[in-house]
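To keep things clear, I will list the structure first and then write my remarks on it.
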Amino acid sequence: MQYLPFLLAPTSISLSLYLLLFLFICFSLFIIFTYGRFYINALSSGAAISLSQIIGMAIKRIDVKSIVKYRIMAKKVGIDIAPSSLEAHYLAGGNVDQVVRAIIAASKANIELSFDNACAIDLAGRNIFDIVKTSIYPKEFACPDPAKGTSTLDAITKDGIQIKVKARITLRTNIEKLVGSATEETIAARVGENIITAIGSSDCYKKVLERPDLISRYVMEKKLDADTAFTMLSVNIIDITVGENIGAKLQSAQIRADTQIALAETEKRKEAAIVRQHEIKALAEESRVKILAAEAEVPKAIVQAFREGNMGIMDYYHIKNIEADTEMKSALSRQKHPLNI
C-alpha cells in the first residue's frame, strides 16, 4: 500500500522523473570519464586531489592536466604543494612549470626555497628556474656586454696612454636576497667603474700591462656585490690592449690652439699698426695743410710789413736766401732717401 501513490501518479510525471534521472546519470558518466582519470592518477601517485577541486579548476578554465602533473612531480620528491596554491599561482598569471621545477631543483641542491618566495620571484618577471641554476652553477658574463654596443672598457693612465680592457665576472645567486635587491646589471656597472678607476690611478701604462691581476684584486676588495642578489666569486681580466696616446693628442691640440691664438694676436697687432699708420698719415696731411695755410699768409705779412715800414729790401732778400737754402737741403735729403719721396 505504501507504493500506491507512486503507482497512481500521472504518466507524464513519471516520464519527467525518468528523464531527469537519465540526464543525471549521463552527466555523472561525463564527469567520471572526463575528469575521473585525473583524480585516479593523482590518488594512485599519493598526491590526491578531490574530484570537486578538479571540477572547480575545469570551471575556472585552468589546465587541470598540468596542475595534476606538477603536484605529482613535487610529491614524488617529498614536497607537498597544495592544489589551491598551484591554482592561485596559475590564475595570477605565473609560470607554474618553472616554479615547481625550481623548487624541486633547490630541494635536490639543499637550497632553501619556499613556494611563496618562488611565486613572488616568478610574478616579478624573473626566471626562477634559471636563478636556481645559477645558485648551483655560477654564472659568467662579460663586462662590458658586447650586446649593448660596447666591446671594451676604455681608460687612460696618468701618462696619457689609453688602455682597452675586457673582463669576465663570475656570480652566484643568493635566492634569499633576490627580492628587492639589485641585479647583475648593477654589479657589471660597478665593476666597470672600478676597473676604469684602477687604470686611471696607475702612473704608467706598463704597470697595467705587467700586472693586470692588480686590477682584479682592487675590484674584489671593494665588495661590489653588497645589496645585490649575487655573490661575486671572481673578476678576471681576459684581454688588455694599448690604445691611442691621448696625452700626446691633447698636447698637440693645445699647441695648435696656442698657435692659433698667437696668430690671431699677431694679426690683431698688425691691423692696429696699419690703423695707427693711417692715423699718422692723416695727422701729417693735416699738419701740411696747416703749414700751407700758414705759408700762404707769409706774402701777405711781408707786403703789410713793407707798407708799414717794418721791413726793408735787405730783409726780404735775406728771407729768400733762407727759403732757397731750405729747398736745396730738402732736395738733397730726397736724393739720399728715395723711399721717402
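Rule-based calculations on the coordinates, nothing more; no lab input. Only a predicted model underlies this, so the values are computations on that prediction, with no experimental measurement involved. Positions of Cβ are generated from backbone atoms using ideal geometry, with glycine treated the same way; all protein chains shown enter the neighbour counts.
Couple of notes before you dig in:
- Packing-based exposure ordering (other Cβ within 10 Å, fewest first) of 101, 172, 269: 269, 172, 101
- Each Lys or Arg adds one and each Asp or Glu takes one away; over the other residues whose Cβ falls under 10 Å from the Cβ of residue 89, this sums to -3.
- Inter-site label distance for residue 320 and residue 274 at 7 Å from Cα along Cβ, in nm: 4.9 nm
- Taking region 139-242 and dividing mean pair separation by its residue count, relative contact order in percent (alpha carbons under 8 Å, at least six apart): 39 percent
- The H on the amide N of residue 202, modeled in the peptide plane, is under 5 Å from the matching H of 158, each at least 5 residues off or on a different chain.
- For region 194-341, relative contact order (Cα pairs under 8 Å, six or more residues apart, normalised by length) works out to 11 percent.
- Per-residue ³J(HN,Hα) for region 70-80, Karplus 6.51 cos²θ - 1.76 cosθ + 1.60, θ = phi - 60°, Hz, x for Gly and Pro: 5, 5, 5, 4, 5, 5, 5, 9, x, 10, 9
- Once the C-beta distance of residue 123 and residue 15 is scaled by a Förster radius of 56 Å, the resulting FRET efficiency is 0.55 to the nearest 0.05.
- Computed lengthening from residue 148 to residue 25, 0.36 nm per intervening residue step minus Cα-Cα distance: 37.8 nm
- Based on DSSP H segments of at least four residues, each scored -39500 (n - 2.57), the chain has a per-residue ellipticity at 222 nm of -21500 deg cm²/dmol.
- Average Cα contact separation per residue, the chain, under 8 Å, 6 or more apart, as relative contact order %: 11 percent
- For region 294-299, 3J(HN,Hα) computed residue by residue from phi via the Karplus equation (6.51, -1.76, 1.60; θ = phi - 60°) reads 5, 5, 5, 7, 4, x Hz, glycine and proline entered as x.
- Spatially close lysines, pair count over region 139-242: Cα under 24 Å, gap of eight or more or interchain: 25
- Take the Cα of residue 222, step 7 Å toward its Cβ, do the same at residue 183, and the gap between the two points is 2.1 nm.
- Rounded to the nearest whole Hz, the Karplus-based 3J(HN,Hα) values (6.51 cos²θ - 1.76 cosθ + 1.60, θ = phi - 60°) of region 173-181 follow the sequence 6, 9, 4, 5, 9, 5, 6, x, 9, with x at glycine and proline.
- As a proxy for reagent exposure, ranking 292, 113 by other Cβ atoms within 10 Å from fewest up yields 292, 113.
- Kirkwood hydrodynamic radius (C-alpha pairs) into Stokes-Einstein, the chain, 10 °C and 1.306 mPa s, D in µm²/s: 50 µm²/s
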